[in-house]
1. Within the set Lys241/Lys480; Lys75/Lys189; Lys91/Lys232; Lys152/Lys232; Lys468/Lys494, which residue pairs have Cα atoms separated by over 31 Å?
2. Output ³J(HN,Hα) for the range 338-343: one whole-Hz value per residue in order, computed from phi by the Karplus curve 6.51 cos²θ - 1.76 cosθ + 1.60 with θ = phi - 60°, and x for Gly and Pro.
3. Given the C-alpha atoms of the range 281-351, compute the convex hull and give its volume per residue in Å³.
4. Would you pull out the residues with amide H under 5 Å of Ser406's amide H, same chain only if 5 or more places away, H placed 1.01 Å from N?
5. Could you pull out every residue, at least 5 positions away or on a different chain, whose amide H is within less than 5 Å of the one on Lys91? Hs are placed 1.01 Å off N in the peptide plane, and Pro or chain starts have none.
6. Gain in length, Asp198 to Lys382, computed as 0.36 nm per residue apart minus the alpha-carbon separation, to one decimal in nm?
7. Amide H of Ile192: which non-local residues (sequence gap of 5 or more, or other chain) have their own amide H closer than 5 Å, using H built in the peptide plane?
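Quick note: the coordinates plus some simple rules give every number you see, no bench work behind them. On a predicted model such as this, the values are computed, not experimentally measured, just so you know.
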Amino acid sequence: MDEGNNSSMDLLPFRLCCGLELSVAHEGSQQEAAMERGPVQADTSLGSVMFDLILKFLQTPGQVLLVQGPPGSGKTTFALEILNSLDETHKIYASSRVAPTRLRQHFPWIDEVIDTMSGRTARASWIDELHDLRRVEPDTIFNQVLRLKHSKQRAVLVVDSWEGAIRNTNDEGRKMLESALLSELDESKVSIVIVVEDSKKARDLGYLVDGIITLDQSELDGRRVRTIAMNKLRGFSVPTKRGIFSLDKARFTILSNGLRQPEYDSHPKPLEPVLHPSGGFSLGSRDMDQMLGGSIPRGSFLLVDVDSSVSPLEIRTILNMMRANFINQNGPCVIVPTAAYSSDTVAESLSKYVGWEAIDERVRILEYNQSLAPKKWRLVMKSNLSEDVKTFAHAWNELAKISPHSMLDINVDKAVQVYGRDELSVPGLTELGANMRDTEGLNLAIASTDSKLRDQWLSVVDYHLKIKNADGSLVMYGVKPFTPLYGVHLNFDKGYPVLNLTQIV
């Protein structure tokens, strides 16, 4: 058949056993409409590397992808998201579990598709065919697959699920359906996605298909974690085999995997602050503020536990966002940096977002190397707690002349390393904490290891957060107050760090 002919004769009819006629529409008119709109790109918010690799895999004609996982792991959402993201390909979704009209309740973003099936005039956005296979006999499914393959039309077929499609078949019928799905795919230009509920029953399929994706869910400190694993993707190099995803808003969103370090140093810009609300502080991220109830009240104490799997660069980036947001609203800031970075490195990285004038005027960074050259912002300590508390208090009082609402950013591990585990319970530090509350400042402590100081502060903190690296993705959650698990995404599109959160649901 001539693919350039756009007449009504280019429709290859499908008839389901229930008597409903559906059609495999020719690509001609759809391609013209697509040319007017321009090429449709895959949604870059869907985990980029991993999801784009799966799309490229299915865009190669003849590929068969097996999607397996326990009930509720997100297999249907994943399959629909694949169809939504592919372009210039005819797409068919064959469900043996859920009626097409029920999909609207779970996936509001396919309303237009359901409207089209209901006989309304709304234009289908991506799926041309939704097939209800719950009452279809196995031989009918067999014939449908053969007709689709014989049409020689580039297409992606989703069978959801395999158990439903073969539930009324014997061994011979199952083998016939396997043959219909898996044979002569290269010549037919059809790629197939098979959703499997019970991987044990479909064990033989694993040897026959070209790719296997496993979805699963587990718990992290009482919070749900959803994981995606790429077990096999024949013919493709797989740089990232595991990741975390969310089903927020009924969409399948794979979190960023690995440390993201764009070339932001070449074009840094002053951070545009997220303004503090009346009587409170913003942490520089609207998503973080929202996670903690909208803002941090003045005088609050925030302790952040950082897992050893999190890189110092990621933590420095997050801290610089918080520091710059405070400093650029005329707030003084005293920093006790981690042992991973010198005071010079901290000042240099922070200056890109606040400027050196602000660093000199209202930032003090503690330094225990007394051989370094003097700087207005450098607060040289002697590693003697009694003397250093006095030096600190003097600098603190000087900064209070700028604003009484100051920020103390202290790395607990560094303090323990310098002063020892037992000396840090001296009255001077207790008075400092009380002073922070009285002056309505912001006390931010970072800890990576257990210590007596950390344990003491846990009993008095207002907020307790944890940051970890889970399956290659940076995640964050609140212990006090209790919050769900969130995926962390850092971007520098504006020339400074912006932190966005994706709730794992």
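1. From Lys241/Lys480; Lys75/Lys189; Lys91/Lys232; Lys152/Lys232; Lys468/Lys494, over 31 Å: Lys241/Lys480.
2. Taking θ as phi minus 60°, the curve returns 5, 5, 6, 9, 6, 5 Hz for the range 338-343.
3. 107
4. Correct list: Gly441, Leu442.
5. Excluding prolines and chain starts, which carry no amide H, the hits are Asp128, Glu129, Val156.
6. That works out to 59.8 nm of additional length.
7. Long-range HN contacts for Ile192: Gln63, Val64, Leu65, Leu157.
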